[in-house]
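Peer 1: Once you've had a glance at the structure underneath, I'll fire off some questions.
The values are calculated or read from the model by the stated rules, or taken from the named source; none is laboratory data. Values in this document were obtained by computation on a predicted structure and should not be read as measured data. Heads up, the Cβs are rebuilt from the backbone with ideal geometry, glycines too, and the neighbour counts pull from every protein chain shown. The accessibility values were calculated without ligands, DNA or RNA, using every heavy atom of the protein model including side chains. Shrake-Rupley method; radii C 1.70, N 1.55, O 1.52, S 1.80 Å.
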Amino acid sequence: MPSNVIKDRLLAVLPESLRPQAAQRLAAALPTLHRLLAGLYGERADFEIWLGNLMGSLGVLYAARPAALKALDAERAAQPDWFLSQQMLGYCTYVNNFGATLAGVREQIPYLEELGVRYLHLLPFLRTRAGENDGGFAVTSFDDVEPALGNNADLEALTAALRAARVSLCSDFILNHVADDHAWALAAKAGDVDARAMFHIFPDRSMPDQYEATLGQVFPQVAPGNFSQVDALGGWVWTTFYPYQWDLNYANPAVFAEMAQALLRLANRGVEVFRLDSTAFLWKRVGTNSMNQPEAHQLLQALRAIVDIVAPGVLLKAEAIVPTRELPAYLGSANAAECHIAYHSSLMAAGWVGLAEQNTEVLRAVIANTPALPPAATWLSYVRCHDDIGWNVLRAEAGEDSAARLARVARFFSGAEGSYARGAAFQSSDPHAAHGSNGMAAALTGLQSAGTDEERAVALQRMLLLHGLALSFGALPVLYMGDELAMENDDSYLQRPQHAMDSRWLQRPQFDRARWQQRHDAATPAGRMYLGLTALVKLRRAHPALAAHAPRTLLDDAPESVLALARGDNFRALMNFSAQPQTYALPGSWTDCLSGAILDGSITLAPYALHWLERGEQ
Ligand code: OTU
């Protein structure tokens, strides 16, 4: 089908007034979209018909986009790097833990504003499976809010209120799998042929065994294997994660078309950023680990092209917990846009390795392996999130004996051998290794185990150090709910049989009102963390050198336990990962932004200290 016919399918459903703008966006993005989809699905006899229908459906969603969101699209099209500013700061939380419901989250907006938050990631809030649902990561309907949390009107009221406060709502978009009680899964179980084709279903073990030969395992203890036997399906279905999370089959164009529309319907309710969950797993290939396949990137680029046409103010964020070298591809290149943001899980994990080893070797290797990015794209930096800290992403950077080295780090954070940390090792098929470590930052940095004021002060310094790295690296930094108040582990999951095997629940506590009330009281750990962190946030806002896209250089003249980053010519971030003071020579005279001290020729960093320096005497 010639491209003007495809284009017309979209334009035809738009009112006259929207057509010139749509024609412009189509001219920019349709050739790419057409090429990508033809590459993925072009060999099917009905490809052109399918594509025409998809364009018609996109037109309907284009026309339905509310005026306030169209205005946002226009504003952001005029300034596509808006989210790279040093004014941007994220906050991530579960709805129920933070505000009970979506309406309750709305009440928390003043607190978010006080913190300086401009981006709020609410963990899954769509209708989820009855019973165990992996913290909402098993979605039953992309068109309904989980009833316990509210309804679509509450969602729209929340996005409107956040928009008014200049806070962008980020929602998970779990596109790799659906719950086993999603309408497609139910229909597949009932024998519907089209619904069965939405999944990877195998009559016997022959294909699953072939795939398993080279697949990894995400939850080897609680959900071993990548396939689940379902009698109603008469065979095995692909389930990378829990058995009730059925992977979607993106080799079927219907899956792509349905999911793209589901995303846009949420965008039309005011979701501004989509956290694309488990993006690495979207395409399966025998003989590989079925992660990071070229087709997974083509799918994401196609999704991006669609967003650029229908809702160009929307951002896509890749959640791909993969080795550093695989990460940049998720942010695309100058001529192939993909996601706008990607988690830098290597940087996050390496920060923790730095603490455990009191050495920045791995951190420096990660930073050296972090390439410059295309314009209007950035990393997401963070200290903790709702998942484990996955160590395996660092295998390349952790040197020759990386497995043993990372296993030592995992043992350190589970409190072994006299360590101050109070975390838990997570999920491994190998008793000598650990997939990851769990625990709140306060537990992993020693605050929870501290017995004296001095120990508490050191632990808080470690927490601020890692947050300082996230805030000065050059990224969109996202705080994890509770860390700003130095909240500790929540052990209550051990009492819940359905969660007891999944120690990620350690870091999913209820927002602590009592600590929140102490946040301005420097005599409390909560207050010290809050005041220390908010001082950094405030300072960051005033320094364009700390914007995500401002230049970054790793300085190699610092002691091995000190990480030294130059941000442009006139700004430096220095971080001491050791328990010993460290001295570092400085060229010329600098001002310490936090203390105001003037430094001439050198600086001595206290244990775990973070310093932001500005050139000259300010
Ligand atoms: C994501 O995570 C989510 O963040 C998890 O909370 C979900 O359980 C999972 O998807 C399924 O939806 O591999 O790259 O090691 O890092 O499960 C995606 C644990 C993932 C997580 C891993 C993960």
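Peer 1: Given a 1.4 Å probe, how much area per residue of region 482-615 is accessible, in Å²? Walk me through the intermediate numbers first.
Peer 2: Working: 5620 Å² over 134 residues.
Accessible area per residue, region 482-615: 42 Å².
Peer 1: Right, next: Heavy-atom accessible area per residue, region 42-153, 1.4 Å probe: how many Å²? Spell out each step's value before the answer.
Peer 2: Working: 4110 Å² over 112 residues.
Per-residue accessible area for region 42-153 comes out at 37 Å².
Peer 1: Now, a different point. Answer with one residue from ALA500, PHE511, GLY99: the one whose Cα lies farthest towards the positive end of the charge dipole of the chain, charges on Cβ with Lys, Arg +1 and Asp, Glu -1.
Peer 2: After comparing all options, I get GLY99.
Peer 1: Can you bin region 53-156 into rounded, prolate or oblate? Criterion: square roots of the alpha carbon gyration tensor eigenvalues sorted a ≥ b ≥ c, rounded for a/c under 1.5, prolate for a/b above b/c, oblate for the rest. Numbers along the way, then the final one.
Peer 2: Numbers: a/c = 2.03, a/b = 1.10, b/c = 1.85.
Taking the square roots of the gyration eigenvalues as a ≥ b ≥ c, region 53-156 is oblate.
Peer 1: Another question, then. At 222 nm, what value in deg cm²/dmol follows for the chain if DSSP H runs of at least 4 each add -39500 (n - 2.57) and the sum is divided by all its residues, to the nearest 500?
Peer 2: Details: 20 runs with 223 residues, N = 618.
The helix-only estimate for the chain comes to -11000 deg cm²/dmol at 222 nm.
Peer 1: Got a number for the accessible area of LYS70? Probe 1.4 Å, square angstrom, nearest 10.
Peer 2: For LYS70, solvent-accessible area is about 50 Å².
Peer 1: Just to be sure I understand the model, the point goes 7 Å from the Cα along the line to the Cβ. What's the resulting ARG35 to ALA232 distance in nm?
Peer 2: It works out to 4.4 nm between the two label points.
Peer 1: Here's a follow-up. Tell me the accessible surface of MET88 in square angstrom (1.4 angstrom probe, heavy atoms of protein chains only), to the nearest ten.
Peer 2: 10 Å²
Peer 1: Express the relative contact order of the chain as a whole percentage, based on alpha carbon pairs under 8 Å and six or more residues apart in sequence.
Peer 2: On the way: 1252 pairs, mean separation 71.9, N = 618.
Relative contact order comes out at 12 percent.
Peer 1: Heavy atoms only, 1.4 Å probe, whole protein assembly: order TRP391, TRP516 by accessible area, highest first. Could you put the intermediate results ahead of the total?
Peer 2: Details: TRP391 0, TRP516 55 Å².
Descending accessible area places them as TRP516, TRP391.
Peer 1: Still on this model: Enter the Cα centre distance for the pair region 468-513 and region 302-351, rounded to the nearest angstrom.
Peer 2: Using only Cα atoms, the two centres lie 24 Å from each other.
Peer 1: Among all the lysines, which ones have a C-alpha under 22 Å from LYS317's C-alpha, if same-chain residues fewer than 8 places away are not counted?
Peer 2: Within reach: LYS70, LYS284.
Peer 1: Please list GLU338, GLU156 in order of solvent-accessible area, largest first, computed with a 1.4 Å probe with all protein chains present.
Peer 2: Details: GLU338 0, GLU156 80 Å².
Ranked list, largest accessible area first: GLU156, GLU338.
Peer 1: Work out, step by step, the length gained on full extension between GLU455 and LEU186: first 0.36 nm times the residue separation, then minus their alpha carbon distance; give nm to one decimal.
Peer 2: Numbers: separation 269, 0.36 × 269 = 96.84 nm, distance 5.44 nm.
Using 0.36 nm per residue and subtracting the Cα-Cα distance, I get 91.4 nm.
Peer 1: Another question about this same structure. Find the accessible area per residue for region 317-375; the probe is 1.4 Å, ligands and nucleic acids are left out, and the unit is Å². All intermediate terms of the calculation are to be shown ahead of the outcome.
Peer 2: Details: 1780 Å² over 59 residues.
Spelled out: the 1.4 Å probe surface of region 317-375, per residue, equals 30 Å².
Peer 1: Same structure, new question: Using a 1.4 Å probe on the protein heavy atoms only, what accessible surface does ARG384 show? Give it in Å² to the nearest 10.
Peer 2: Looks like 10 Å² after rounding.
Peer 1: Given a 1.4 angstrom probe, I'd like the percentage of the accessible area of region 20-169 that is carbon and sulfur, rounded to a whole number.
Peer 2: Working: 3000 of 5630 Å².
Carbon and sulfur together cover 53 percent of it.
Peer 1: Roughly how big is the chain's charge dipole about its Cα centre, with Cβ charges of +1 (Lys, Arg) and -1 (Asp, Glu), in debye to the nearest 20? Numbers along the way, then the final one.
Peer 2: On the way: 49 positive and 64 negative charges, 219 e Å.
Here the size comes out at about 1060 debye.
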